[in-house]
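Values quoted throughout were computed directly from the atomic coordinates according to the rules given, and no laboratory measurement underlies them. Owing to the predicted nature of the structure, the values given are computational and were not obtained by experimental measurement. Note that we place each Cβ from the backbone using ideal geometry, even for glycine, and neighbour counts take in every protein chain shown.
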Amino acid sequence: MKKILLLICLIIFIPYIIINIFVKDEEIKLKYTSNMVVRVKQDDEIIKVPFEDYIIGVIAGEMPISFELEALKAQAVAARSYVMKKMEANIDKDYDVVDTVMNQVYLDDEHLQEVWKDDYTNNINKIKKAVLETFNEYLEYDGKVVDAMFFSTSVGYTENSEEVFTNKVPYLRSVRSTWDEISPVYEVNYTFSLEDFYNKLDLNYNSTLDIELLETTSTGRIKKLKINGTTLEGNTVVANLKLKSNYFNIKLENNKICITTKGYGHGVGMSQYGAQAMALKGYKYDEILKYYYQGVEIKKI
């Protein structure tokens, strides 16, 4: 009897041992418990992507693969929440989201294989691990799916939603985020000739520069200003000059316009570099999410 039991154990466990020792770098396969798909607009085409595959493509498009797993997991839950909110709002439309920064950047598997080449399997498995460990998780506030906005780098604090957009959202409150100093775009310097600067802003050429701030957010982002007496929206300056954020300082030096920006993106919700810095300090993904989205709960679909 003992010999028979030993033989059965060998039959069961030898293949398992062989697979774990000798078979490596296989791509993780997801098993789906849901038939949900996301309708993604790519240029003029609308494609249907399995829900969790879409989340993988968003993490790949929105967050550096070098980031810590806990930051990637926080991004997975935020991206899942964001698209669920869009699916809810766009149920009667032809598509749920576009694949650009207008919503969330989504990169399909073919593109990732082309870009990552030999690193594809390791990179995709890292992202799939983040997706699997947060499978079907999303954020909820007061019984409703959270509009989980996120951005690259804060100015030291995130923004209150109503100071950047229109609505005051209880979970999108300004929080301190000094960790963002690790970001390579925390501060960026730009230089323009006078002619180029005025042309890009559609202003009359002037050999002098007079700046007057008219309205800022509580963190110092510029909402409205005057340049040589002409009133401009801060976002117009950002768009026309292709700046990283509307937290900027403009100076005239040696007949050149010198601009320094702080932060990258709109500043509302979760800071991605803040999430990375928190992960490096040992914070878990749920702690990161509950820090940047005040009063939320993590639920499962």
*Would you kindly state how much longer the chain becomes between Asp92 and Glu45 on full extension, computed as 0.36 nm times their sequence separation minus their alpha carbon distance, in nm to one decimal?*
15.2 nm
*In debye to the nearest 20, how big a dipole does the stretch 187-262 give about its Cα centre with +1 on each Lys and Arg Cβ and -1 on each Asp and Glu Cβ?*
260
*Within the chain: Cβ-based charge dipole about Cα centre, in debye rounded to nearest 20 (Lys, Arg +1; Asp, Glu -1)*: 980
*Would you mind checking which residues have amide H under 5 Å from Thr100's amide H? H placed 1.01 Å from N; only 5 or more apart, or other chain.*
Tyr106
_Please list, ordered by chain and number, the residues whose modelled amide H lies under 5 Å from the amide H of Lys224; skip anything fewer than 5 residues away on the same chain._
Leu214, Glu215, Gly234
*Between Thr134, Asn167, Ile211, whose Cα lies farthest towards the positive end of the dipole of the chain when Lys and Arg beta carbons carry +1 and Asp and Glu beta carbons carry -1, centred on the Cα centre?*
Thr134
*Summing Lys, Arg as +1 and Asp, Glu as -1, what charge do residues with Cβ under 9 Å from the Cβ of Phe192 carry, Phe192 excluded?*
0
*Express in whole angstrom the spacing between the alpha-carbon centres of the stretch 99-136 and the stretch 58-97.*
11
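Set the Förster distance to 25 Å, then compute FRET efficiency between Lys129 and Glu297 from the Cβ-Cβ distance, nearest 0.05.
Numbers: r = 23 Å, r/R0 = 0.94.
After rounding to 0.05, the efficiency reads 0.60.
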*asked:* Need one number: nm distance between label points at Tyr120 and Val101, each 7 Å from Cα along Cα→Cβ, rounded to one decimal.
replied: 2.8
*Pulled fully out, how much extra length does the chain show between Asn254 and Glu233, if you take 0.36 nm times their separation in residues and subtract their Cα-Cα distance?*
4.9 nm
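Based on DSSP H runs of at least 4 residues, each adding -39500 (n - 2.57), what is the mean residue ellipticity at 222 nm of the chain after dividing by all its residues, to the nearest 500 deg cm²/dmol?
-11000 deg cm²/dmol
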*Once you put a point 7 Å from the Cα of Ser207 and another 7 Å from the Cα of Leu194, both along the Cβ direction, what distance in nm separates them?*
0.6
*Would you mind putting 207-217, 54-64 in packing order, based on average other-beta-carbon counts within 10 Å, highest first?*
54-64, 207-217
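What helices does the chain hold that run 24 Å or longer along their axis, going by alpha-carbon atoms, with a Kyte-Doolittle average of 0.0 or more, using DSSP H for the helix calls? Mind dumping the intermediate values first?
Values: long enough: 2-22 (29 Å, 2.36); 69-89 (30 Å, 0.09).
Within the chain the helices that satisfy the rule are 2-22, 69-89.
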*If we count every other residue with Cβ under 13 angstrom of Ile259's Cβ, Lys/Arg +1 and Asp/Glu -1, where does the sum land?*
+3
*Would you work out if the stretch 38-188 is rounded, prolate or oblate? Take a ≥ b ≥ c from the square roots of the eigenvalues of the alpha-carbon gyration tensor; rounded if a/c is under 1.5, else prolate when a/b is larger than b/c, oblate otherwise.*
oblate
*Can you tell me what the convex hull of the Cα atoms of the stretch 108-259 projects to on average, as an area in nm²?*
13.1
*May I ask for the percentage of alpha-carbon pairs in the chain that lie more than 33 Å from each other?*
37
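Subtracting the Cα-Cα distance from 0.36 nm times the residue separation, let me have the gained length for Lys168 to Lys281 in nm, one decimal.
Values: separation 113, 0.36 × 113 = 40.68 nm, distance 3.08 nm.
Contour length minus Cα-Cα distance gives 37.6 nm.
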*In nm, to one decimal, how far is the modelled label at Leu69 from the one at Val185, with both set 7 Å along Cα→Cβ?*
2.8
*Starting from the Cα of Lys256, draw a straight line to each of the aspartates and glutamates and keep only those under 18 Å, dropping any in the same chain fewer than 8 residues away.*
Glu195, Asp196, Asp202, Asp210
